[in-house]
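Student: Okay, here's the structure, questions in a sec.
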């Protein structure tokens, strides 16, 4: 299908005629009557449902083709020119690329067995009127899919850039024309111009103010009755622009007060900063390299390009474009394709460049690229997540609801503008994918294998066995005697305490599950990687709210499902009805939600809202107990003793004692953390004997379930030989000195801190 798509676009000779027609008849914004007629007539003949003068904008149009419910995608077509310069911004290549894409996708929908809808949005007055902003306000983009467009430029391919927010305004001073009794409007403008110049020295980086006197008197001996100014503010974000606009309004009002004149102002262009989709951008770049690699094409190899990861992390700042407005409404991209090496947009020579055969070929290639990106499997899936999403601050830093997926050692901080800046600085250090993977693998392996501490005599036979490595935790959880304590930490903690520890020591599946989350999310192991000192820097997997945004999440949970199934096989609990919940145990009650009031006892027949059965009602755990009926199973795995008996080794010798660490609350820490417990050896050295991973939220106050599970327990199993080493010549184990510390990404770096509350350590 994809090859047919490319051939169809290449062989469409009408595109070249359309390209020339628009170039040879340049029209200013809101007056693109010729382009509007040519484009709508052509698209209608090609089978599109065309709405002319859409949304009460005389030169706007909507062209749609749909063959049923499915994927939706839209493309913006610009066709206005610049005053006195013709198509010196290259809008005729833009409209050609969008029409080529629309035709290609329509053909694919019609002949390729796909269902969906393609929309071409004719957006007038991009240069002087902000046509897309008008269309957004009118609702043109309310029911569309993602928005893709391509723009010509000079010298290089650019897949991602920073488009700032722009606001223009007309400012008008009125006064009294006279001599000594006059109210001088020109003085009002001059005063405002001077104050604006003084304000510039306090402007933030990448912020600009432009201002001109557009009209005044041309008579020397009469004070002008009117002075008109045209000005613009340009800032990286909408928030920064709003603050600057407030200052500008203050300057205008002060200038009028000081000169006795009246001032009025009217906003015109309102371009929003672009929030382009890095997910779609990466997909587009991948398609470019796979199908249209510039180095392998006659036209492309004369131009340059940068790797997409480099431009996403360090984007180039370019001129405002009201595709930025669309990007706040829909997942969007705005790629740039080169058509000349000699001149830039908005130069007279660029109008000539946009009429060449080279520009024509490049525009059609860009159309193919957009079509390919739209038709290949969507990288967005069913839900679009903003690259950066800010949230209202709470008492502690709040993790956002959704944003660009990151992995350790990259940073997922995007809570506010400073966090965004810190994230970019941090992530710029880790551009090499291969190196990042090595760091990730090393850290996860260190968690899985654990750290073996050697006692002072150096004899390996007297080493302190590692009872807290993730692999040993997975092994131990397989010994859990019943489903209740196997499934959750709260039930297991109650089980251990009620039975006084040994031999009833156990690990719930939840514990090693949490540890892998933290390992993948950037909680370091000493000697592997020293985390950056940026506070809260971590990958998505390390936080409860964001873990599912990383595809690794699903691979991890496949292993959890395997572990669960293997526990079922070992305990003969694979048939329906074989999993039972011990009533009254901690961890078996609802914490309160719309389905179950707080305190409701839960079991394997409790409905799993919102997972609905095809015939009505909700699935329950009982329905999925036996995975064989879903026609899948697991082959030999790392925990499968029957298939690999040598892989399973007892994690420790016979347990001599169990120590319980408690009085640690999740409410005291923002985000996930690790409880790390050391003991002091007879020679004064400290060795680590316990590590408990706590997968939590940045703000537990907003989580009802968290509020009823704030207290955390860490159980430390100590075998006989280790206990003898720890006690030395002292037979009283109560004299063993424990030291509990907290490792949190809230602190940053590799710092360990004392717990907020005094921890309690006791032997069971």
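Please treat every number below as a calculation from the coordinates, not as lab data. Since the structure is predicted, the reported quantities are computational estimates derived from the model, not experimental observations. No Cβ is skipped: glycine too gets one built from the backbone with ideal geometry, and neighbour counts run over all protein chains shown.
Student: Order of 669, 554 from fewest to most other C-beta atoms within 10 Å? Write out the running numbers ahead of the final one.
Tutor: Working: 669 24, 554 9.
Starting with the residue having the fewest Cβ neighbours, the order is 554, 669.
Student: Using a/c under 1.5 as the rounded threshold, could you call segment 1-142 rounded, prolate or oblate? The axes a ≥ b ≥ c are square roots of the C-alpha gyration tensor eigenvalues, and prolate needs a/b larger than b/c, oblate otherwise.
Tutor: Numbers: a/c = 2.24, a/b = 1.39, b/c = 1.61.
Because a/c hits 1.5 or more and a/b fails to exceed b/c, segment 1-142 counts as oblate.
Student: Related question: Mind checking the full-extension length gain between residue 291 and residue 630? Use 0.36 nm per residue of separation minus the Cα-Cα distance, one decimal, nm.
Tutor: Details: separation 339, 0.36 × 339 = 122.04 nm, distance 3.87 nm.
Full extension of this stretch gives 118.2 nm more.
Student: A follow-up question, please. Take the Cα atoms of segment 165-271, find their three principal axes, and give me the spread along each one in whole Å, biggest first.
Tutor: Each principal axis gives a Cα extent; for segment 165-271 these are 44, 23, 19 Å.
Student: Continuing with this model, one more query. Computed FRET efficiency, Cβ-Cβ of residue 758 and residue 200, R0 56 Å: what is it to the nearest 0.05?
Tutor: Values: r = 55 Å, r/R0 = 0.99.
The pair residue 758/residue 200 has a calculated efficiency of 0.50.
Student: Let me ask something else. Evaluate the distance, in nm, between pseudo-label points positioned 7 Å from the Cα of residue 328 and of residue 418 along their respective Cα→Cβ axes.
Tutor: Calculated label separation equals 2.5 nm.
Student: Pulled fully out, how much extra length does the chain show between residue 582 and residue 33, if you take 0.36 nm times their separation in residues and subtract their Cα-Cα distance?
Tutor: Details: separation 549, 0.36 × 549 = 197.64 nm, distance 7.58 nm.
190.1 nm is the gain from fully extending residue 582 to residue 33.
Student: Give me 24, 758, 434 ranked fewest to most by other Cβ atoms within 10 Å of their Cβ, as a rough exposure proxy.
Tutor: The order, fewest Cβ neighbours first, is 434, 758, 24.
Student: Can you tell me the order of 154-162, 538-546 when each peptide is scored by its average per-residue count of other Cβ atoms within 10 angstrom, highest first? The partial results should precede the final answer.
Tutor: Numbers: 154-162: 20.3, 538-546: 25.4.
So the peptides 154-162, 538-546, ranked by packing, come out 538-546, 154-162.
Student: For segment 248-264 and segment 127-154, compute the distance between their C-alpha centroids and round to whole Å.
Tutor: Segment 248-264 and segment 127-154 have Cα centres spaced 35 Å from each other.
Student: Using mean Cβ contacts within 10 Å as the protection proxy, how do 93-100, 345-352 order, highest first? Don't jump to the answer; show the numbers that get you there.
Tutor: Numbers: 93-100: 29.1, 345-352: 17.6.
Answer by packing, highest mean first, reads 93-100, 345-352.
Student: Give the distance, in whole Å, between the Cα centre of segment 1-57 and the Cα centre of segment 285-307.
Tutor: That distance is 26 Å.
Student: How far apart, in nm, are two points set 7 Å out from the Cα along the Cα-to-Cβ line at residue 356 and at residue 737?
Tutor: 7.8 nm
Student: With 10 angstrom as the radius, rank 567, 180, 173 by how many other C-beta atoms surround their C-beta, starting from the fewest.
Tutor: Numbers: 567 19, 180 5, 173 29.
Lowest to highest Cβ neighbour count: 180, 567, 173.
Student: Okay, moving on. What order do you get for 623-630, 556-563 when each peptide is scored by the mean count of other beta carbon atoms within 10 Å, highest first?
Tutor: On the way: 623-630: 14.0, 556-563: 16.1.
Output ranking for 623-630, 556-563: 556-563, 623-630.
Student: Now for a separate question. From a point 7 Å beyond the Cα of residue 214 in the direction of its Cβ, which residues of segment 1-29 have a backbone N at a distance under 19 Å?
Tutor: The answer is 28-29, whose backbone nitrogens lie closer than 19 Å to the label point.
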